[in-house]
Amino acid sequence: MYLDPLPEGPTPRSAPRPPESVWDYPRPPAVREDDRHVRVECAGQVVADTRRAVQVLETSHPPVFYIPPADVRTELLIPSVSGRTWCEWKGAARYWDVTVGEEVRARAAWSYPRPEPEYAILTDFLAFYPSRMDRCTVAGEVVTAQEGDFYGGWITSEVRGPFKGGPGTLMW
């Protein structure tokens, strides 16, 4: 499922977005382009910086921001030793360690080299766990990481929960 970008019309990129409940997001997940400034920082370096992010929106989860590889310092990524996972909607995910100098953040990013056809827009885009980075921002707002390390959602002021991922929520 593909959703139109928000906001509609001439709203400036920096304008606040209206609140969104994660319980209004669909299942299977929807994809939405997002032209806000998205930035990922690790160990004093900018790892990713874009205005061409794509969000994946799924019921009960904060959005995950996927960044085009051209806007990621891919020289800071190495394939993770601990392999792959499978998403019933998107397909096989590949994990990446983020390395800055001597610092290594294991499995801090993931991508879909060959996603299912409905999610082809995500091909080779990279998503980062905000909990494993020093700072992730959307339009200058510092992101709060979704609890737990399974989903990797980015919580911003417009996103409303409760969110799946914390202790006791896996069977929702």
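Numbers for the structure displayed
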{"item": "In order through the range 40-45: 3J(HN,Hα) via Karplus (6.51 cos²θ - 1.76 cosθ + 1.60), integer Hz, x for Gly, Pro", "result": "10, 10, 8, 6, x, 10"}
{"item": "Contour minus Cα-Cα distance for Ala92 and Ala120 (0.36 nm per residue)", "result": "8.8 nm"}
{"item": "Of the GluC sites (Glu not before Pro) in the range 52-145, those whose Cβ has at most 15 other Cβ within 10 Å and which sit in DSSP loop", "result": "Glu88, Glu102"}
{"item": "Cubic angstrom per residue, convex hull over Cα atoms of the chain", "result": "113 Å³"}
{"item": "Heavy-atom accessible surface of the chain: percent carbon and sulfur, 1.4 Å", "result": "55 percent"}
{"item": "By accessible area with a 1.4 Å probe, ligands and nucleic acids excluded, highest first: order of Phe163, Phe125, Phe65", "result": "Phe163, Phe125, Phe65"}
{"item": "Length released on extending from Arg84 to Ala106, taking residue separation times 0.36 nm less the Cα-Cα span", "result": "6.6 nm"}
{"item": "For the range 108-172, size of Cβ-based charge dipole, Lys and Arg +1, Asp and Glu -1, in debye", "result": "100 debye"}
{"item": "Heavy-atom accessible area ranking, 1.4 Å probe, most first, across Ile155, Ile78", "result": "Ile78, Ile155"}
{"item": "Per-residue SASA entry for Ser157, accessible area with 1.4 Å probe, Å² rounded to 10", "result": "70 Å²"}
{"item": "Computed magnitude of the charge dipole of the chain (debye, nearest 20; Cβ of K, R +1, Cβ of D, E -1)", "result": "140 debye"}
{"item": "Solvent-accessible area per residue for the range 35-172 (1.4 angstrom probe, square angstrom)", "result": "46 Å²"}
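The values are calculated or read from the model by the stated rules, or taken from the named source; none is laboratory data. For clarity, every value in this text was computed on a predicted model and none was experimentally measured. Virtual Cβ from ideal backbone geometry, glycine too; neighbours counted across all protein chains shown. Accessible surface is based on the protein model in full, side chains and every heavy atom, while ligands, DNA and RNA are left aside. Shrake-Rupley method; radii C 1.70, N 1.55, O 1.52, S 1.80 Å.
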